[in-house]
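Some notes on the structure that comes next.
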Amino acid sequence: MERKTGLILALDVTDRLEAVEISEKVAGYVDAIKIGYPLVLSTGMDMISQLSKFAPIIADFKVADIPNTNRLICEQVFKAGADGVIVQGFTGHDSLEAAVKLAKEQDKDIYVVTEMSHPGALDFMQQVGEGIAKMAADAKASGVVAPATRPERVAEIRKIIGNDLSIISPGVGAQGGSASDVIKAGADWVIVGRSIYQSEDPAMAAKKLVDEMKEFL
Ligand code: NUP
């Protein structure tokens with residue numbers, strides 16, 4: 001994924017027309033659009049190709065299965081037109097490797113969730129986040145997903161993965177994180193949903209974030 005603005009839109013709306021309208025408005029400010037279960041379950045998989053006209057699509061399906069099933073899922077998502085897929089890391093190295101192998105064959109990206117951004121991630125995930133980051137680097141994934149709500153953890157994860165992998169970081173705005181803080185801590189992109197798509201003026205909200213991050217990219 002090419003970095004121009006550092007912003008990825010998380011498009012968690014459930015209406016097809018709204019999804020298209022928002023994408024059209026913010027297309028000039030985002031490097032990718034992340035879509036997940038809310039939008040795909042309500043509108044269908046063809047939403048991926050429809051929105052790919054505006055920006056590359058990252059499918060946030062947090063794939064978490066055995067290697068063969070991970071491969072089968074990623075195959076379908078890439079076939080539908082996505083450029084990247086988000087997978088969970090806690091399933092272990094073989095599941096991740098199956099996804100990465102397929103993605104590399106098709107020149108696509110796999111992003112691995114290390115530690116999630118919500119408070120409940122401290123219950124279990126944080127303890128294994130660094131191990132997952134190391135595994136993602138060993139497997140040569142394209143990048144990891146790390147929490148904008150905890151920039152200090154993003155900085156730790158950056159130390160582990162080095163500069164070959166990118167960090168895409170959700171948790172800005174509605175979840176309390178700051179875009180510029182997490183970029184300063186080592187993230188390459190922020191992923192922002194509600195602060196953009198629930199705004200009166202999504203394009204202006206996206207532009208504000210891009211302007212805020214510009215000097216730190
Ligand atoms: O750790 C994660 N936190 C998170 O919020 C991993 C994610 N994939 N996400 C997703 O990022 C979440 O599902 C949503 O699509 C987006 C953040 O949206 P918002 O809080 O900016 O509305």
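The values are calculated or read from the model by the stated rules, or taken from the named source; none is laboratory data. Note that this is a predicted model, so its numbers are computed, not measured. Using ideal geometry, Cβ is built from the backbone for each residue, glycine included, and neighbour counts are taken over all protein chains shown. Surface areas here come from the heavy atoms of the whole protein model, side chains and all, with no ligands, DNA or RNA. Shrake-Rupley method; radii C 1.70, N 1.55, O 1.52, S 1.80 Å.
Table: residues versus (1) small (Gly, Ala, Ser); (2) within 14 Å of the ligand (Cβ to nearest atom).
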| position | (1), (2) |
| --- | --- |
| 123 | no, yes |
| 147 | no, yes |
| 153 | no, yes |
| 168 | no, yes |
| 177 | yes, yes |
| 188 | no, no |
| 200 | no, no |
| 209 | no, yes |
| 213 | no, no |
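Mind checking which residues of segment 189-217 are out of contact with any Gly (no Cβ under 6 Å at 6 or more places or on another chain), surrounded by 20 or more Cβ atoms within 10 Å (Cβ to Cβ) and over 23 Å from residue 39 (Cβ atoms)?
Listed by number, the list is empty, since nothing qualifies.
Quick check, is residue 2 in contact (Cβ under 8 Å) with a residue 12 or more places away in the chain and over 15 Å from the mean Cα position of the chain (by Cα)?
Judged against the criteria, residue 2 is not a match.
I'm told residue 140 meets every condition in (1) more than 16 Å from the ligand (Cβ to nearest atom); (2) assigned to a helix (DSSP H, G or I); (3) among the charged types (D, E, K, R) except one. Can you identify the failing condition by its number?
(2)
Quick check: anything in segment 158-167 crowded, with 20+ Cβ neighbours inside 10 Å, without any contact (Cβ under 8 Å) to a residue 60 or more places away in the chain, at positive phi and not charged (D, E, K, R)?
For segment 158-167, residues crowded, with 20+ Cβ neighbours inside 10 Å, without any contact (Cβ under 8 Å) to a residue 60 or more places away in the chain, at positive phi and not charged (D, E, K, R): absent.
All but one of (1) closer than 27 Å to residue 203 by Cβ; (2) assigned to a loop (DSSP other than H, G, I, E, B); (3) among the hydrophobic types (A, V, I, L, M, F, W, C) hold for residue 116; state the number of the condition that does not hold.
(1)
Could we say that residue 121 is touching a Ser or Thr at 6+ places or on another chain (Cβ under 8 Å), part of a helix (DSSP H, G or I) and either closer than 18 Å to residue 58 by Cα or free of Cβ contacts under 8 Å to residues at least 40 places away in the same chain (or both) here?
No: the conditions fail for residue 121.
Okay, residues lined up against (1) in a strand (DSSP E or B); (2) open to solvent by less than 70 Å² (accessible area, probe 1.4 Å):
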residue: 13; (1), (2): no, yes
residue: 33; (1), (2): yes, yes
residue: 49; (1), (2): no, yes
residue: 55; (1), (2): no, yes
residue: 58; (1), (2): yes, yes
residue: 61; (1), (2): yes, yes
residue: 69; (1), (2): no, yes
residue: 87; (1), (2): yes, yes
residue: 90; (1), (2): no, no
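Residue 106 - would you say it is within 16 Å of the ligand (Cβ to nearest atom), modelled with pLDDT of 95 or more and in contact with a helix residue (DSSP H, G or I) (Cβ under 9 Å, 6 or more places away or on another chain)?
Against the criterion (within 16 Å of the ligand (Cβ to nearest atom), modelled with pLDDT of 95 or more and in contact with a helix residue (DSSP H, G or I) (Cβ under 9 Å, 6 or more places away or on another chain)), residue 106 does not qualify.
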